[in-house]
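Participant: My questions all concern the structure below.
Read-outs: derived from the displayed coordinates by stated rules, not from any lab. What you are looking at is a predicted structure, and each value in this text was computed from that prediction instead of being measured. Methodologically, a virtual Cβ is constructed for each residue, glycine included, from the backbone with ideal geometry; neighbour enumeration extends over all protein chains shown.
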Amino acid sequence: MNYDFSDRTIIVTGAASGMGRATTIELKKLGAHVYAVDRNYSALKDTCEETGAELCEMDIGYSDQCDALIRKAKTERGKLDGIVNFAGVIKRNGLLECTDEEFDFVMNTNVKACFYLCRAAAREMKAQGFGSIVNVSSIWSDIAAAGVFGYCVSKGAVSQITKSAALDLAGTGVRVNEIRPGETNTAMLASERGYKMSQEEIDAKLKEIASSIPEKRLANPSEIAASAIFLLSDQSSYMQGASVTVDGGYTIC
Ligand SMILES: NC(=O)c1ccc[n+]([C@@H]2O[C@H](COP(=O)([O-])OP(=O)(O)OC[C@H]3O[C@@H](n4cnc5c(N)ncnc54)[C@H](O)[C@@H]3O)[C@@H](O)[C@H]2O)c1
């Protein structure tokens, strides 16, 4: 399928790493103007220098800053065609160990920031009559995993943000869909394990995870980027409130 994003303005959050970085690289190859958003300045600078994406260093956990980001894109470019909300965090704690602070930390980025950006983008997109919002939940938004309580809760909420927003916006020209990635080979997959495990143990754990997936491997970030680009494009014009699972068969077992 040939995509042409040459007249498109797209915001990608979490662009410094993993799936957000892979999506920024692909969108730039397809000609999009990309606002690359992340709070990790040095890694974001690398993404932007490599791709030519526009660097937007920010923490998306603040409503007013999310509003300002959307306004900036709209004012500078005249329109906003799409946004992909990849930025996310994880804490590997179960219900009994999860502190108030850890719960808030996860909810602030994964849920509240997703809401702030969906709302701000939807307002501009509804006024212009078109736009595609792509959220990123997880296989843990539907089924649960032990030991990652706040994360599972947050990703369930992302799925509801997607479906509720899709219904509120249906018929306006604005579409809201989500990607539901499985275990993907990024910094997040190995993160938050170090305080309990040595590097060797982490490597062994990732191998064990890969062997538990029907496809017998982790996803590459570019395989998630491919779905993001499809959902941003006109090729997915009849998709509204949909969840695209990209998990190597994990959730069919
Ligand atoms: N890696 C996986 O196995 C996996 C599986 C399912 C879902 N996901 C989800 O996919 C998305 C992308 O994950 P990834 O694996 O590429 O992660 P990653 O850790 O490689 O990248 C996430 C990026 O988000 C940025 N970020 C986090 N909080 C932010 C904030 N408040 N403001 C600005 N930037 C912020 C980080 O700095 C980082 O660059 C996340 O929402 C994650 O929950 C990941």
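Participant: In square nanometres, what is the average projected area of the Cα convex hull of the chain?
Facilitator: Values: hull surface 53.1 nm².
Quarter of the Cα hull surface area: 13.3 nm².
Participant: Given a 10 angstrom Cα cut-off, can you work out which residue in SER243, SER233, SER42 is the most mobile in a GNM of the chain?
Facilitator: SER42
Participant: Now, a different point. Can you tell me which lysines have their Cα less than 17 Å from the Cα of LYS126? Leave out same-chain residues fewer than eight positions away.
Facilitator: Filter leaves LYS72, LYS74, LYS79, LYS163.
Participant: Which aspartates and glutamates, on any chain, are close to LYS205 with Cα under 18 Å apart, when same-chain ones fewer than 8 places away are left out?
Facilitator: LYS205 reaches GLU183, GLU192, GLU215, ASP247.
Participant: State log₁₀ I(q)/I(0) for segment 124-253 at q = 0.10, 0.11, 0.17 Å⁻¹ as given by the Debye formula over alpha-carbon point scatterers of equal weight, solvent excluded.
Facilitator: So the normalised log intensities are -0.38, -0.45, -0.92.
Participant: Just need the relative contact order of segment 1-110 here, percent rounded to a whole number, with Cα pairs under 8 Å and 6+ apart. Don't skip to the answer; put the middle values down first.
Facilitator: On the way: 173 pairs, mean separation 30.7, N = 110.
Taking the mean separation of contacting Cα pairs over the length of segment 1-110, I get 28 percent.
Participant: Another one. I need LYS29, LYS155 ordered by Cβ neighbour count within 10 Å, fewest first. List each step's numbers first, then the result.
Facilitator: Working: LYS29 12, LYS155 26.
The fewest-first ordering by Cβ neighbours comes to LYS29, LYS155.
Participant: Please give the helix 149-169 orientation as an angle from the longest Cα principal axis of the chain, in degrees from 0 to 90, rounded to the nearest 10.
Facilitator: Value to nearest ten degrees: 20.
Participant: Right, next: 7 Å from Cα along Cα→Cβ at both MET239 and MET197: what's the point-to-point distance in nm?
Facilitator: 3.1 nm
Participant: Treating each Cα of segment 205-253 as an identical point scatterer and ignoring solvent, apply the Debye formula and state log10 I(q)/I(0) at q = 0.15, 0.16, 0.19 Å⁻¹.
Facilitator: So the normalised log intensities work out to -0.50, -0.56, -0.71.
Participant: Rg/Rh for segment 1-64 to two decimals, with Rh computed the Kirkwood way over all alpha-carbon pairs. Mind showing how you got there, number by number?
Facilitator: Numbers: Rg = 11.4 Å, Rh = 11.6 Å.
Expressed as Rg/Rh, it is 0.99.
Participant: Separate question: Dipole of segment 142-253, Cα-centred, from +1 at each Lys and Arg C-beta and -1 at each Asp and Glu C-beta, to the nearest 20 debye?
Facilitator: Working: 10 positive and 13 negative charges, 23 e Å.
Around 100 debye, computed over segment 142-253.
Participant: Could you work out the relative contact order of the chain, using alpha carbon pairs under 8 angstrom and six or more residues apart, expressed as a whole percent?
Facilitator: Values: 496 pairs, mean separation 49.0, N = 253.
Relative contact order here is 19 percent.
Participant: Same structure again: Sort all Cα-Cα distances of segment 64-162 into consecutive 10 angstrom bins from zero, then give the percent of pairs in each bin up to the one containing the longest distance.
Facilitator: For segment 64-162, the pair-distance distribution reads 16, 42, 26, 13, 3.
Participant: If you don't mind, another one. Put +1 on the Cβ of every Lys and Arg and -1 on every Asp and Glu Cβ in segment 32-99; which of LEU44, ALA73, HIS33 then has its Cα farthest towards the positive end of the dipole?
Facilitator: Value computed over the given set: ALA73.
Participant: To the nearest 20 debye, what charge dipole does the chain have about its Cα centre, counting +1 at the Cβ of each Lys and Arg and -1 at the Cβ of each Asp and Glu?
Facilitator: Values: 27 positive and 33 negative charges, 106 e Å.
I would put it at about 500 debye.
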